[in-house]
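What follows is a short report on a single structure.
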Amino acid sequence: MAKAVFCIARSEAQASNIIERLKRANFSASDVSMLFPDKSGTKDFAHEQHSKLPEGAAAGGVAAGVVGGAVGWLAGVGALAIPGLGPLIAAGPVMAALSGAAAGAAIGGVTGALIGAGIPEYEAKRYGGKIGSGNILISVHTRDGRERECAERIFEEVGADDVSYAGEARPSA
């Protein structure tokens, strides 16, 4: 059964390190997600789902300043606003899941959106609070136990917080 492995990175440097390690471990860019507050104050992000942003133009350029080149490698970078939390930047499958969970976001802020993305409620509440405090949520879609263990090991080796996993809810098309 497919599982998503989650963690919280406390800094941009830690998030970049995690993404680089996932990349070297041959995880696909389309299986890795990030969600973090948009501290840039710019509205240059286009809400363009499923874009690889190969040119790294506006969205990739702004996001690259946030977490190095990590965001440019990920698929589907976009900006969204969650009531009570403000502007966020999302990349990877979480972008589609959060967009599809708009009703949950409207009702319960980022916690509702994360629950809609398949994260258990108790984890979603903890992650929502940490994202609101400026931390970065990273998740990896894994297909089997070997991939799940590899992602967990990477998160733990880098010293990420709140490492956990859950069965996935794939967004409906």
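Against the test of being farther than 21 Å from S30 by Cβ, modelled with pLDDT of 90 or more and not aromatic (F, W, Y), the options D162, D144 yield a single qualifying residue, D162. For region 87-128, residues that are assigned to a helix (DSSP H, G or I), at pLDDT 70 or above and of a type in the set (G, A, S) total 3.
Considering region 129-158 alone, what residues qualify as being of a type in the set (G, A, S) and in a helix (DSSP H, G or I)? Steps first, please.
Step one: filter region 129-158 for residues of a type in the set (G, A, S), giving 129, 132-134, 139, 145, 151.
G129, G132, G145, A151, listed by residue number.
Cβ-Cβ distance below 7 Å, separation of 6 or more or different chains: which pairs start in region 127-152 with a residue that is in contact (Cβ under 8 Å) with a residue 40 or more places away in the chain and open to solvent by 10 Å² or more (accessible area, probe 1.4 Å) and end on one that is among the polar types (S, T, N, Q) and part of a strand (DSSP E or B)? Partner pairs satisfying both residue conditions: S139/S33; R148/T142.
Determine whether E48 is surrounded by fewer than 21 Cβ atoms within 10 Å (Cβ to Cβ), of a type in the set (D, E) and either modelled with pLDDT of 50 or more or more than 16 Å from the chain's Cα centre (by Cα) (or both). So E48 does not fit the description; no.
The set of residues in region 160-169 being open to solvent by less than 30 Å² (accessible area, probe 1.4 Å) and assigned to a loop (DSSP other than H, G, I, E, B) consists of A160 alone.
The values are calculated or read from the model by the stated rules, or taken from the named source; none is laboratory data. Note that the structure is a prediction, hence the values are computed from the model and not measured. Reconstructed Cβ throughout: ideal geometry from the backbone, glycine too, with neighbour counts over all protein chains shown. All accessible areas refer to the heavy atoms of the entire protein, side chains included, with ligands and DNA or RNA removed. Shrake-Rupley method; radii C 1.70, N 1.55, O 1.52, S 1.80 Å.
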